[in-house]
2 protein chains.
Amino acid sequence: MADSFPLPVFGGDAPLYDQLYRHIAAAIQSGALSPGSRLPSKRRLCALAGVSMSTVETAYSLLAAEGYVLAKPRSGYVCAHLLPPAPNPPAPVSESAPAPPPSRWAYDCSTSGVDTSVFPFSSWARITKEAVYENPGLLQRGHPQGDLPLRSALAELLAQYRGVRCSPEQVVVGAGADYLLSLLLQLLPEQRAIALEDPGYPAAYAAASLHGWEVVPVPVDGEGMDPEVLERSGAGLAYVTPSHQFPLGVTMPAGRRSRLLHWAASAPDRWLIEDDYDSEFRYSSRPIPALQGLDRAGRVVYMGTFSRSIAPAIRVAYMILPRSLLERYRATFSHGACTVSRFEQESLRRFITQGLYGRHLRRTGNLYRKKCALFTKALAEIPGATVSGADAGLHFLVTLPRFSEAELVERAAAKSVGIHPLSRYCHSVEPRPSTVVLGFAGLTEEELAQAAALLKKAWT
Amino acid sequence: MADSFPLPVFGGDAPLYDQLYRHIAAAIQSGALSPGSRLPSKRRLCALAGVSMSTVETAYSLLAAEGYVLAKPRSGYVCAHLLPPAPNPPAPVSESAPAPPPSRWAYDCSTSGVDTSVFPFSSWARITKEAVYENPGLLQRGHPQGDLPLRSALAELLAQYRGVRCSPEQVVVGAGADYLLSLLLQLLPEQRAIALEDPGYPAAYAAASLHGWEVVPVPVDGEGMDPEVLERSGAGLAYVTPSHQFPLGVTMPAGRRSRLLHWAASAPDRWLIEDDYDSEFRYSSRPIPALQGLDRAGRVVYMGTFSRSIAPAIRVAYMILPRSLLERYRATFSHGACTVSRFEQESLRRFITQGLYGRHLRRTGNLYRKKCALFTKALAEIPGATVSGADAGLHFLVTLPRFSEAELVERAAAKSVGIHPLSRYCHSVEPRPSTVVLGFAGLTEEELAQAAALLKKAWT
């Protein structure tokens with residue numbers, strides 16, 4: 001036996017015992033050493049392989065510890081009976097993953113871009129460093145809803161900017177609005193139908209389907225989600241974007257807000273999710289207070305994010321739960337940790353409470369107002385074009401009846417301007433004809449002027 | 001009409017137009033101003049309220065913009081018909097949330113603590129600052145699976161430390177192992193029964209139930225999950241902790257690994273989740289390579305986290321998907337953003353590639369080895385006590401037949417030492433009698449000596 005023992009070829013940087021161990025384990029795994037067969041004695045293997053006794057001893061004890069061999073009294077080491085490895089050949093392992101594809105467009109007017117040129121790098125770097133240095137306690141596990149100081153700062157900020165009424169205990173911090181939405185969809189299991197705005201936010205549709213909800217698209221009119229269709233839909237949960245409907249850009253007026261609140265309050269277990277995703281930016285009037293602040297019945301879950309108001313890289317979103325859901329939320333999710341790093345939570349808290357967030361909002365707000373005005377003005381000069389939904393937020397619509405929707409998109413693409421067709425966001429409703437969605441936040445003023453000039457050529 | 005108009009009492013810091021606007025909106029909302037009634041003319045309200053024309057104009061235009069009033073030609077502004085607010089009174093808003101409760105114990109031997117005393121604060125602060133300063137591009141949205149440079153660093157690290165074979169495109173980065181587990185449970189919808197180790201990790205039980213899976217507890221013997229019970233269970237997915245079973249501390253030998261792989265490969269749509277949660281710390285032999293590295297059939301999802309090896313505050317975990325699941329994963333989840341901040345991803349990448357992570361592992365590994373030896377040695381001196389599962393990881397078991405499990409916990413609690421009963425982790429199996437689970441990582445050596453002395457008194 002020992003003479004037919006497959007000896008290793010040593011080489012490389014790994015310790016000899018490790019090479020020997022791996023060699024024998026592989027031989028057992030592959031069947032080259034059959035179950036029940038004896039390994040050479042330690043002394044014999046020293047001689048055969050030309051290594052020291054301690055090398056062999058270490059390798060054998062590893063093999064025994066891991067169950068490749070069994071130590072039998074007086075017989076030495078015997079190969080264990082391992083089931084053969086699964087038949088399929090190993091999948092080829094490529095050495096590198098493909099890089100993310102570059103944008104296909106010279107001018108990408110998708111709705112997810114933001115302007116990061118005025119991001120206060122030095123303040124953020126300073127704050128981040130302070131957050132690490134001054135808070136060693138933050139290394140330990142924090143509150144599952146997010147740390148109290150950040151939740152307090154958020155409650156105060158939302159009261160001041162958005163008219164949200166809540167205490168810090170109602171605040172839940174999490175890694176992104178989509179993540180928080182998926183928690184909510186898990187939290188309300190007795191409701192299996194969700195009303196979504198049509199046209200509406202694709203990620204909400206995706207999340208609802210993924211979590212097994214029946215999706216009921218409800219048309220959006222000039223004031224937001226249609227409450228009569230909602231009432232008839234049988235849904236117990238409705239997801240709305242009242243500040244700046246995505247993608248139509250409609251702002252829901254007070255009367256409609258009141259009707260939605262009434263819908264929610266008029267039967268048990270009805271809930272509204274108010275996604276206030278880009279409410280920070282409003283150009284033609286001051287921000288409209290949140291639906292949540294008008295809710296007397298405790299049926300509104302308010303959601304917001306810093307992905308647009310600071311940067312997509314800052315994966316911090318929040319939701320404000322009504323008190324009636326708090327206990328259920330805690331029973332369901334309090335075993336987990338908050339998904340946002342505590343250092344980042346503390347950095348954000350400092351950013352808010354030191355007034356840097358307010359300053360950043362004013363700077364970016366002015367920037368976006370200028371960009372929006374510049375871009376819409378240039379596009380409105382295209383004969384027949386109408387701009388809508390541009391009072392707020394980071395995108396708007398253009399309607400140009402001379403071309404079909406597909407033609408508008410294709411002609412823009414031919415000039416390397418990337419825009420989305422409105423139909424992309426439509427489910428059961430027919431999209432308003434000849435209408436496209438344009439985001440402007442991710443392009444510079446110069447790029448917007450160039451994009452507008454190209455679109456003018458494309459669409460004339 | 002105008003004479004009965006409820007005038008506001010001005011005060012505070014808010015601009016007058018805002019106070020006026022809020023006052024009238026509230027009056028309309030409450031019904032004090034009835035639908036269809038006319039507001040005073042602008043000029044008249046100026047005189048009545050003693051404010052400027054521009055104040056009134058701004059307030060009225062806000063009210064009109066938000067739908068509280070309608071501008072009627074020649075009639076001025078008329079109150080809109082709002083549905084009455086929902087009947088319930090506003091929930092009381094407490095000013096502060098309760099602080100997280102302090103630990104109930106002077107010595108908390110729970111299994112979730114880690115030692116953060118050797119955390120390299122200055123390196124981490126430097127790295128974090130560099131990550132922000134040197135990478136303005138990181139503000140934009142990154143790859144949904146996590147940024148490629150971090151995924152490459154992880155693939156290399158796992159190959160070197162754990163024998164994991166993967167390319168960076170198989171790596172998914174996310175905010176915590178529980179979060180990634182919940183993604184997996186959403187990814188494998190045709191499988192509705194999951195085999196979980198019994199005793200086992202409570203969060204896995206919670207996640208499986210939450211996502212509507214049928215949970216099949218499979219007993220753990222001295223080598224890990226029992227493969228015969230698994231085979232009979234009908235489950236298509238099994239969740240295991242082969243490196244250091246939670247909570248028994250068993251290391252799965254090669255023979256058992258091979259049988260589990262064989263189980264997974266021998267029918268279509270069978271999957272193993274290998275949670276390698278504290279594999280970084282191994283005291284009596286070198287780390288055993290991961291199950292994933294032995295998997296020829298592409299049926300193992302490997303999961304790991306930095307919560308224990310760095311700190312709970314660092315919310316970064318990862319999973320390695322087999323290639324056969326990659327496409328499905330991308331189709332299901334690629335619309336969302338990665339849940340880890342890109343700055344933190346870049347900080348972690350630098351921490352790994354600059355060799356700081358390896359150094360930190362060596363330092364904490366030595367620290368934990370000493371702590372584990374100190375604590376187990378002191379506890380083994382208690383007459384009748386047996387320590388098990390202490391070869392690796394951050395917790396172990398103590399069995400002491402003189403007392404019942406409940407007595408062991410209660411007597412420890414009476415000395416203010418917090419420990420967990422083994423039955424806490426058991427579902428269908430009877431827990432090994434008189435056995436408790438002790439974590440040691442979160443206490444200093446001095447505290448461990450004191451805790452051991454107290455336990456000696458409590459258990460003698």
> under 21 Å from B:SER167 (Cα atoms), within 10 Å of chain A (Cβ to nearest Cβ) and either aromatic (Phe, Trp, Tyr) or touching a His at 6+ places or on another chain (Cβ under 7 Å) (or both): does that describe B:PHE306?
Replying inline: no
> Does segment B:361-370 include one or more residues that are under 23 Å from B:GLY222 (Cα atoms), open to solvent by 20 Å² or more (accessible area, probe 1.4 Å) and not hydroxyl-bearing (Ser, Thr, Tyr)?
Replying inline: yes
> Being open to solvent by 50 Å² or more (accessible area, probe 1.4 Å) and either more than 10 Å from every other protein chain (Cβ to nearest Cβ) or in a strand (DSSP E or B) (or both), is that true of even one residue in segment A:169-180?
Replying inline: no
> Can you tell me which residue in segment B:253-283 is farthest from the other protein chains (Cβ to nearest Cβ), limited to those that are open to solvent by less than 10 Å² (accessible area, probe 1.4 Å) and under 13 Å from B:LEU294 (Cα atoms)?
Replying inline: B:GLU274
> Quick check, is B:THR386 surrounded by fewer than 16 Cβ atoms within 10 Å (Cβ to Cβ), touching a strand residue (DSSP E or B) at 6+ places or on another chain (Cβ under 6 Å) and of a type in the set (Ser, Thr, Tyr)?
Replying inline: yes
>> Restricting to segment B:440-460, give me the number of residues that are farther than 14 Å from B:ALA412 by Cα, outside any helix (DSSP H, G or I) and open to solvent by 10 Å² or more (accessible area, probe 1.4 Å).
In response: 3
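When the residues of segment A:211-252 are narrowed to those that are of a type in the set (Phe, Trp, Tyr) and touching a Leu at 6+ places or on another chain (Cβ under 7 Å), which ends up surrounded by the most Cβ atoms within 10 Å (Cβ to Cβ)? First the steps, then the outcome.
Filtering segment A:211-252 for residues of a type in the set (Phe, Trp, Tyr) gives A:213, A:239, A:246.
Imposing the further condition that a residue be touching a Leu at 6+ places or on another chain (Cβ under 7 Å) reduces the set to A:213, A:239.
Numbers: A:TRP213: 20, A:TYR239: 28.
Among residues in segment A:211-252 that are of a type in the set (Phe, Trp, Tyr) and touching a Leu at 6+ places or on another chain (Cβ under 7 Å), the one surrounded by the most Cβ atoms within 10 Å (Cβ to Cβ) is A:TYR239.
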> Do we find that B:ALA412 is surrounded by 14 or more Cβ atoms within 10 Å (Cβ to Cβ), in contact with a Gly (Cβ under 9 Å, 6 or more places away or on another chain), at pLDDT 95 or above and over 30 Å from B:VAL229 (Cβ atoms) in this structure?
Replying inline: yes
> Does any residue of segment B:205-221 turn out to be within 12 Å of chain A (Cβ to nearest Cβ), at pLDDT below 95 and closer than 23 Å to B:GLY293 by Cβ?
Replying inline: no
> For segment B:154-167, which residues satisfy the criterion of being surrounded by fewer than 22 Cβ atoms within 10 Å (Cβ to Cβ), within 12 Å of another protein chain (Cβ to nearest Cβ) and part of a helix (DSSP H, G or I)?
Replying inline: B:GLU156, B:ALA159, B:GLN160
> So A:ARG349 fits all but one of (1) open to solvent by 10 Å² or more (accessible area, probe 1.4 Å); (2) more than 26 Å from the chain's Cα centre (by Cα); (3) at pLDDT 95 or above; (4) not polar (S, T, N, Q); what number is the exception?
Replying inline: (2)
>> Given (1) open to solvent by less than 20 Å² (accessible area, probe 1.4 Å); (2) more than 8 Å from chain A (Cβ to nearest Cβ); (3) over 25 Å from A:CYS79 (Cα atoms), identify the lone condition not met by B:ALA290.
In response: (3)
> Can you tell me which residue in segment A:368-417 is nearest to A:ASP276 (Cα to Cα), limited to those that are of a type in the set (A, V, I, L, M) and in a strand (DSSP E or B)?
Replying inline: A:ALA392
> Can you find even one residue in segment B:79-102 that is away from every other protein chain (no Cβ under 11 Å), at pLDDT 85 or above and in contact with a strand residue (DSSP E or B) (Cβ under 9 Å, 6 or more places away or on another chain)?
Replying inline: no
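Please go through segment B:336-394 and give me each residue that is on the phi > 0 side of the Ramachandran plot and not small (Gly, Ala, Ser), ordered by number. Explain how you work it out, then say what you get.
Within segment B:336-394, the subset on the phi > 0 side of the Ramachandran plot is B:355, B:384, B:389, B:393.
Result: no residue meets the conditions.
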>> Where the second residue is open to solvent by 10 Å² or more (accessible area, probe 1.4 Å) and part of a loop (DSSP other than H, G, I, E, B) and the first is at the interface with another protein chain (Cβ under 9 Å from one of its Cβ atoms) and within 12 Å of B:THR128 (Cα to Cα) and lies in segment A:115-131, which pairs have Cβ atoms under 9 Å and are six or more apart or on separate chains?
In response: none
> Yes or no: A:TYR68 closer than 21 Å to B:SER243 by Cβ and touching a Pro at 6+ places or on another chain (Cβ under 9 Å)?
Replying inline: yes
> How many of the residues making up segment A:11-25 are more than 10 Å from chain B (Cβ to nearest Cβ), in a helix (DSSP H, G or I) and either hydroxyl-bearing (Ser, Thr, Tyr) or surrounded by fewer than 20 Cβ atoms within 10 Å (Cβ to Cβ) (or both)?
Replying inline: 2
>> out of contact with any His (no Cβ under 6 Å at 6 or more places or on another chain), assigned to a loop (DSSP other than H, G, I, E, B), buried (at least 20 other Cβ atoms within 10 Å of the Cβ) and modelled with pLDDT of 90 or more: is that true of A:ARG151 in this structure?
In response: no
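Residues of segment B:311-326 being at pLDDT 90 or above and more than 7 Å from chain A (Cβ to nearest Cβ), which ones?
Residues of segment B:311-326 that are at pLDDT 90 or above, as a first pass: B:316-323, B:325-326.
Matches in segment B:311-326: B:VAL316, B:ALA317, B:TYR318, B:MET319, B:ILE320, B:LEU321, B:PRO322, B:LEU325, B:LEU326.
The values are calculated or read from the model by the stated rules, or taken from the named source; none is laboratory data. Nothing here was measured: the structure is a model prediction, and the numbers come from that model. Neighbour counts are summed over all protein chains in view; Cβ atoms, including those assigned to glycine, are modelled from backbone coordinates with ideal geometry. When the accessible area is computed, the model is the full protein with side chains, heavy atoms only, and any ligands, DNA or RNA have been set aside. Shrake-Rupley method; radii C 1.70, N 1.55, O 1.52, S 1.80 Å.
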